1. Find the residue count for the stretch 15-55, including only residues that are within 13 Å of residue 66 (Cβ to Cβ) and of a type in the set (Val, Ile, Thr).
2. Looking only at the stretch 106-122, decide whether some residue is over 20 Å from residue 25 (Cβ atoms), modelled with pLDDT of 95 or more and in a strand (DSSP E or B).
3. Can you pull out the residues in the stretch 87-101 that are at pLDDT 95 or above, assigned to a loop (DSSP other than H, G, I, E, B) and touching a strand residue (DSSP E or B) at 6+ places or on another chain (Cβ under 6 Å)?
4. Consider residue 55 carefully, then state whether it is modelled with pLDDT of 95 or more, among the hydrophobic types (A, V, I, L, M, F, W, C) and closer than 19 Å to residue 117 by Cβ.
5. Which ones in the stretch 22-59 are among the small types (Gly, Ala, Ser) and in contact with a strand residue (DSSP E or B) (Cβ under 6 Å, 6 or more places away or on another chain)?
6. For the stretch 36-79, give me each residue that is open to solvent by less than 30 Å² (accessible area, probe 1.4 Å), part of a loop (DSSP other than H, G, I, E, B) and closer than 14 Å to residue 20 by Cα.
7. Of everything in the stretch 87-130, what is closer than 29 Å to residue 55 by Cα and open to solvent by less than 50 Å² (accessible area, probe 1.4 Å)? Give them in sequence order.
8. Return the residues of the stretch 14-31 that are exposed (fewer than 13 other Cβ atoms within 10 Å of the Cβ) and more than 20 Å from residue 78 (Cβ to Cβ); say none if nothing qualifies.
Amino acid sequence: MTSQPPPRPAAKSYDGEGIVVGFDAHRCLHAAECVRGLPTVFDVDRRPWVQPDNAPADEVAEVIHRCPSGALQYHRTDGMPDEVPDVPTHVSLHADGVLHVRGDLEVATPYGPRHETRVMLCGCGATANAPYCDHSGPCAGHG
């Protein structure tokens, strides 16, 4: 009998007017694109740290699209489209061994396939969050 991994906790959800922001802490590699891009919405010193009503939904969506790991995602509830994947798909291998991928993706995980638009995949195999990079392997010094 094959043992199944325990279910992953769901990403935290922050409801705003016209947009719902999802955050998966297991995927965050602290690129800080969100904090630099919209500090009124994303402030790690405040609780809750994500307050989507502090900026227009279009601006929140644009900043979330900059998140390279895909830890931040959004769903539009105002009739506007959700994130559109980059076309063509773009893959780049960074010096730290992390694969940065953007596009219309289906990622095989221990919890089943996931539809993604932005991911940072582990290139060294030492992640505890396979297949996503968590900087626990040789790349840790580069994060």
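1. Residues flagged as within 13 Å of residue 66 (Cβ to Cβ) and of a type in the set (Val, Ile, Thr) within the stretch 15-55 amount to 2.
2. Yes: the stretch 106-122 contains one or more residues that are over 20 Å from residue 25 (Cβ atoms), modelled with pLDDT of 95 or more and in a strand (DSSP E or B).
3. Passing the criteria: only 89.
4. No, not satisfied.
5. Selection gives 22, 57.
6. Hits for the stretch 36-79 are 41, 55, 71.
7. If the condition is that a residue be closer than 29 Å to residue 55 by Cα and open to solvent by less than 50 Å² (accessible area, probe 1.4 Å), then 100, 101, 103, 105, 116, 117, 118, 119, 120 are the ones that fit.
8. 25, 30
The values are calculated or read from the model by the stated rules, or taken from the named source; none is laboratory data. It should be emphasised that the depicted structure is a prediction, and the values quoted were computed from it without experimental measurement. All Cβ positions, glycine included, derive from the backbone under ideal geometry; neighbour counts span all protein chains shown. To get the accessible areas, we keep the full protein, side chains included, count just its heavy atoms, and leave off ligands, DNA and RNA. Shrake-Rupley method; radii C 1.70, N 1.55, O 1.52, S 1.80 Å.
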